[in-house]
Amino acid sequence: MSYQKKLTRNKLWIALALFVAFFTACNQTPETEESSSKTSTAPTTPPATGIGNFQFLALEADKVIDFFNPSGKKCSKIVFRFIYDEDEKKVVSEAFGVVKADKKFILPPTDLTDLKTGINLGKKLKLGDVELTKKMFKDLGPVPSGATHLIFYPLTSNSYTNSVIYKVQWGTASPFTALTIDQIKNLGGQELNPSPPADPCLSGICEED
């Protein structure tokens, strides 16, 4: 085949390819373009899931008493801070005593005992520090015979929408039986209140002795 014929055949193939490309572009509708655009920009982030279980917790009665004891830590309140465990998908808490004199947290924090069972409170939740004041501690009354711990029952507040708090009551950590949300709401004891942000007492709301 002569060089001229090869050149002519190559030109024909190129022209055919250009014609097909032009024809395809002209016949693409706006809907097709929009669909293509949506497909290429579809989000790849997995859907959100619940934060996980809020664990039932316990703090030894002697430690609670020592926080408020005039000959102990002399605290005006105990602040509890939520801790999220990503690996186990659960929420626990730690305790900070607050001394009114210098308005600072007592460090290091005290860990609460995880009772190895929890409750799912939903997906849209507000987490903030909660507190047990000296007055609330007094209202709990003396530790009953046989009780060893202050038990922390997680629930959502009726006063603060979607805010997670604890209801606390003297009890035993072992054996321990988990309660349903309705049972927790009907339980006696004290509901912890949201604590001011940052170091407690800076807003001047700490109660007097």
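The values are calculated or read from the model by the stated rules, or taken from the named source; none is laboratory data. Just so it is clear, the model here is predicted, and its values are computed rather than measured. Note that each Cβ is placed from the backbone with ideal geometry, even for glycine, and that neighbours are counted across all protein chains shown.
Do we have any residue at all in the range 59-77 that's without any contact (Cβ under 8 Å) to a residue 60 or more places away in the chain and either within 17 Å of the chain's Cα centre (by Cα) or under 17 Å from E191 (Cα atoms) (or both)?
For the range 59-77, residues without any contact (Cβ under 8 Å) to a residue 60 or more places away in the chain and either within 17 Å of the chain's Cα centre (by Cα) or under 17 Å from E191 (Cα atoms) (or both): absent.
If you check T172, T156, T177, which single one turns out to be under 21 Å from the mean Cα position of the chain (by Cα) and β-branched (V, I, T)? Don't jump to the end; show me each part of the working.
Values: T172 fails: under 21 Å from the mean Cα position of the chain (by Cα); T177 fails: under 21 Å from the mean Cα position of the chain (by Cα).
Result of the check over T172, T156, T177: T156.
What number goes with the only condition from (1) crowded, with 18+ Cβ neighbours inside 10 Å; (2) under 16 Å from the mean Cα position of the chain (by Cα) that E86 does not pass?
It fails just one condition, (1).
One residue is enough: does the range 168-175 have a residue meeting the conditions out of contact with any Ser or Thr (no Cβ under 9 Å at 6 or more places or on another chain), farther than 14 Å from R81 by Cβ and part of a loop (DSSP other than H, G, I, E, B)? Show your work before the answer.
Taking the range 168-175 as the starting set, the residues that turn out to be out of contact with any Ser or Thr (no Cβ under 9 Å at 6 or more places or on another chain) are 168-169, 175.
Checking which are farther than 14 Å from R81 by Cβ leaves us with 168-169, 175.
After this cut, where a residue has to be part of a loop (DSSP other than H, G, I, E, B) as well, the list is 175.
Within the range 168-175 (the criterion being out of contact with any Ser or Thr (no Cβ under 9 Å at 6 or more places or on another chain), farther than 14 Å from R81 by Cβ and part of a loop (DSSP other than H, G, I, E, B)), the answer is yes, since at least one residue qualifies.
Of (1) at pLDDT 90 or above; (2) over 20 Å from the mean Cα position of the chain (by Cα); (3) closer than 19 Å to K138 by Cα, E208 satisfies all except one. Which?
Going through the list (1) at pLDDT 90 or above; (2) over 20 Å from the mean Cα position of the chain (by Cα); (3) closer than 19 Å to K138 by Cα, E208 breaks only (1).
Which numbered condition in (1) buried (at least 18 other Cβ atoms within 10 Å of the Cβ); (2) part of a strand (DSSP E or B) is the only one that E94 fails?
Checking E94 against (1) buried (at least 18 other Cβ atoms within 10 Å of the Cβ); (2) part of a strand (DSSP E or B), the one that fails is (1).
Would a scan of the range 124-134 turn up a residue that is assigned to a loop (DSSP other than H, G, I, E, B), more than 16 Å from the chain's Cα centre (by Cα) and either at pLDDT below 90 or over 16 Å from F96 (Cα atoms) (or both)?
Going through the range 124-134, the residues assigned to a loop (DSSP other than H, G, I, E, B) turn out to be 124-125, 127-129.
Remaining after also requiring more than 16 Å from the chain's Cα centre (by Cα): none.
No, the range 124-134 contains no residue that is assigned to a loop (DSSP other than H, G, I, E, B), more than 16 Å from the chain's Cα centre (by Cα) and either at pLDDT below 90 or over 16 Å from F96 (Cα atoms) (or both).
Can you tell which of I106, I119 is touching a Gly at 6+ places or on another chain (Cβ under 6 Å) and in a strand (DSSP E or B)?
Details: I119 fails: touching a Gly at 6+ places or on another chain (Cβ under 6 Å).
Unique residue meeting the criteria: I106.
Kindly indicate whether any position in the range 133-153 is in contact with a Lys or Arg (Cβ under 9 Å, 6 or more places away or on another chain) and small (G, A, S).
no
For T172, state whether it is in the same structural domain as K104 (by TED's automatic domain parsing), out of contact with any Leu (no Cβ under 9 Å at 6 or more places or on another chain) and either surrounded by 16 or more Cβ atoms within 10 Å (Cβ to Cβ) or in contact (Cβ under 8 Å) with a residue 24 or more places away in the chain (or both). Full working, then the answer.
On the way: in the same structural domain as K104 (by TED's automatic domain parsing): yes; out of contact with any Leu (no Cβ under 9 Å at 6 or more places or on another chain): yes; either surrounded by 16 or more Cβ atoms within 10 Å (Cβ to Cβ) or in contact (Cβ under 8 Å) with a residue 24 or more places away in the chain (or both): yes.
Yes, satisfied.
Name the residues in the range 144-159 that are out of contact with any Ser or Thr (no Cβ under 6 Å at 6 or more places or on another chain), surrounded by 14 or more Cβ atoms within 10 Å (Cβ to Cβ) and hydroxyl-bearing (S, T, Y), would you?
Y153, T156
Taking the condition of being assigned to a strand (DSSP E or B) and in contact with a Phe, Trp or Tyr (Cβ under 6 Å, 6 or more places away or on another chain), how many residues in the range 75-91 meet it?
Step one: list which residues in the range 75-91 are assigned to a strand (DSSP E or B), which gives 77-85, 90-91.
Then drop every residue that is not in contact with a Phe, Trp or Tyr (Cβ under 6 Å, 6 or more places away or on another chain), which leaves 78-79, 91.
The total comes to 3.
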